[in-house]
Each structure stands twice: as C-alpha cells, then as structure tokens.
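The values are calculated or read from the model by the stated rules, or taken from the named source; none is laboratory data. Just so it is clear, the model here is predicted, and its values are computed rather than measured. When we count neighbours, we look across all protein chains shown, and the Cβ atoms used for this are built from the backbone with ideal geometry, even at glycine. Each accessible area value is taken on the protein alone, full model and side chains, heavy atoms only, with ligands, DNA and RNA left out. Shrake-Rupley method; radii C 1.70, N 1.55, O 1.52, S 1.80 Å.
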Amino acid sequence: MHWLVRLGVLLLALTISAPRLEAIRSEELDGISFADDPHMLFVPIDEIAFALRWEMQLDQESGQISLNGHLLDAAHLRKLTNGTLLMPLDELQRAGATITWSDDGMQALVASDHRKIAIPFANKRVEVDLSNQRLSAYQGERLVLDSAISTGREGKKTPSGEFKAGPVKSRMHRSRLYHNAPMPWSVQVHENIFIHGFRKVPRRPSSHGCIRLPLTGANPAKWFYNWIDLGTPISIKGHWPAATSVRVEKSAPPSHPFLPKVLIIAIVITIACFTIILFVSRRGGKL
C-alpha cells in the first residue's frame, strides 16, 4: 500500500510541474534587427544567457565576454544606446545553440538541451511624444530606444498624425528651405519634416519643424538611422506644453487667525474695566 501512495504523490507532483517545464521550454524573446544588415537578428546577451541557463563571464581587464565557454567576437556585437550588449544569432550558434528557422524566415527557434527560445523578427514602430519631447522606438514589445528630442517651435510646429518612414533616408541630407543646413542621419517623416541628428537638443521645441535627435553621448541619431526601416510606422502625438490640471494652492491660514483681534479686544476691555473701577473707586472715596 505504501508504494501506491508514493506513486500517487509522484504522479501528482509531475502533473503540477509539467506546465512550468513547458513554459520554460516555450519562451519567446523579441529579436532586434537593423536596416543596415536586415537579414541579421540580434538578441541581448544577458537575456539569452538566462533563458538558456548558460554561464556568461566577463573578463574585467580585456572586456571580453564568454558565453557557454565560447569567447564572443566583439566585432560582431552591437549595443543599445543604454549600453545593453547584443549578439547575433550566428554567434549564438557558434556558442553551441541549435538554430532552426521558420518557413518564412521570420522566426528563429534557438535550442540548447531541453530549452527552446523563439526569437522573431518583430515589427518596428516609432512613437513621438510632443508633450514630453521624447522619441520611443519599439521592436515588438521591446523598447529599443528612448531619447530626448526637440521638435518644432511656435510657428513651425511639428505636425501630429500617423506617418511612415521615408521615402528619403540619407546619412547627410541638406535642407533646401534653410540655407542648405546639414541634417545628418536623416529619416523623412512627412514632406519637409525629418528625424535627424543635431548637436544641441534642449528639452523644449526649438527646430523649424523637424524632430532633432542628439548626436552626443551614445549618438541616438545614428543608432536610430541604422535601425529604422523605410516604411516603419511613426506616430506623432501630443501638444507642447503638456496640458496639466493646475491646482491653486491656498496659503496655509495661521493657526489662530483671530488671535490678534482677540488680544486687542481683551486689552481694550481690560483698560476700560480698569478705568471704570478706578473712576468708581475715586467717586466712592469722595462720597
């Protein structure tokens, strides 16, 4: 009888844990692709290492990274502007993973031991927030770029609406409206409105209508140019400045608003009483 009870407990435990094991095997990570190499799919190193339960090591002196005992080729790696390191699936295969592609070539299945990770070529989209002067770029559900921008100032406002990148895309575009001004890493949004790099990008509208991305730091302008595909949806929303409900703060009243008046009245009454008593006492003495 005891072995039947143990067998029942074991089967129950396996039944409960089965969905968890299946969930681990069927993970999915949105891949990242770049317009300058559209057939290559990248994934964050730390995410794929965790998903495959692979060991990742960093040599502090040389800066080299090993994944699953394989030294990664730094020349093949890329970065997000926040510093997240990306590796191509080819390098992942060299580290020991098995990669199979879907029939349409839009999704890779990365396998190692009993773990399988689906990595699709997810759709790209861009959101421009005029109210907060920020640009956010997504691939699938993954936020790949979040940057401050500067849009069109009063009288030259950046139009809101739904657009698509292109058809003009140029490493160095020249403005035909404003004295042939240089516009590095330019992506057309609508007519003469472009997303492009600029040296100074204040946290307020200051352009002639274009959307300026910084050239400084991690160079979001160049990164965005290398990432975005022609035809990528670009949504521009909001108004500058952001509409906020202003609450009028009333100054805190004094803890005893009538205290000064009470004191004055009390003093006046006291003086009056004292005067009356003095007057009455003097008259009483005369009487």
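For a quick check of your reading of the model, give me the residue pairs whose first member lies in segment 82-94 and is under 13 Å from VAL144 (Cβ atoms), whose second is in a strand (DSSP E or B) and open to solvent by 40 Å² or more (accessible area, probe 1.4 Å), with beta-carbon atoms closer than 6 Å and at least 6 apart or on different chains.
LEU86/ARG78
Restricting attention to segment 175-186, does a residue exist that is under 23 Å from SER131 (Cα atoms), touching a strand residue (DSSP E or B) at 6+ places or on another chain (Cβ under 8 Å) and among the hydrophobic types (A, V, I, L, M, F, W, C)? Step through it out loud before you land on a result.
In the first step, residues of segment 175-186 are kept if they are under 23 Å from SER131 (Cα atoms); the result is 186.
Cutting the leftovers down to touching a strand residue (DSSP E or B) at 6+ places or on another chain (Cβ under 8 Å) gives us 186.
The next check asks that each one be among the hydrophobic types (A, V, I, L, M, F, W, C); those that pass are none.
The answer is no; no qualifying residue exists.
Restricting attention to strands (runs of 3 or more DSSP E) lying wholly within segment 49-126, give those where 2 or more residues are open to solvent by 60 Å² or more (accessible area, probe 1.4 Å).
Values: elements: 56-58, 65-67, 85-88, 98-101, 107-112, 115-120.
By residue number, 56-58, 98-101, 107-112.
Could you tell me whether any residue of segment 23-45 is open to solvent by 80 Å² or more (accessible area, probe 1.4 Å) and modelled with pLDDT of 95 or more? Break it down stepwise before answering.
Initially, segment 23-45 is screened for residues open to solvent by 80 Å² or more (accessible area, probe 1.4 Å), giving 25, 28, 36, 39.
From the residues that got through so far, the ones that are modelled with pLDDT of 95 or more too are none.
No, because not a single residue in segment 23-45 is open to solvent by 80 Å² or more (accessible area, probe 1.4 Å) and modelled with pLDDT of 95 or more.
What pairs come up if the first residue lies in segment 199-213 and is in contact (Cβ under 8 Å) with a residue 12 or more places away in the chain, the second is among the hydrophobic types (A, V, I, L, M, F, W, C) and open to solvent by 70 Å² or more (accessible area, probe 1.4 Å), and their beta carbons are under 7 Å apart, counting only those six or more places apart or on different chains?
PRO205/TRP240
Just need a number here: residues in segment 141-162 that are surrounded by fewer than 17 Cβ atoms within 10 Å (Cβ to Cβ), touching a residue at least 40 places away in the same chain (Cβ under 8 Å) and outside any strand (DSSP E or B).
Selection size over segment 141-162: 7.
Scan segment 167-187 and tell me whether some residue there is touching a residue at least 40 places away in the same chain (Cβ under 8 Å), surrounded by 13 or more Cβ atoms within 10 Å (Cβ to Cβ) and over 24 Å from LYS79 (Cα atoms). Talk me through it step by step, then tell me what you get.
Narrowing segment 167-187 to residues touching a residue at least 40 places away in the same chain (Cβ under 8 Å): 167, 169, 171, 185, 187.
Among the residues that remain, those that are also surrounded by 13 or more Cβ atoms within 10 Å (Cβ to Cβ) are: 169, 185, 187.
Of the ones still in play, those that are also over 24 Å from LYS79 (Cα atoms) are none.
Within segment 167-187, not a single residue is touching a residue at least 40 places away in the same chain (Cβ under 8 Å), surrounded by 13 or more Cβ atoms within 10 Å (Cβ to Cβ) and over 24 Å from LYS79 (Cα atoms).
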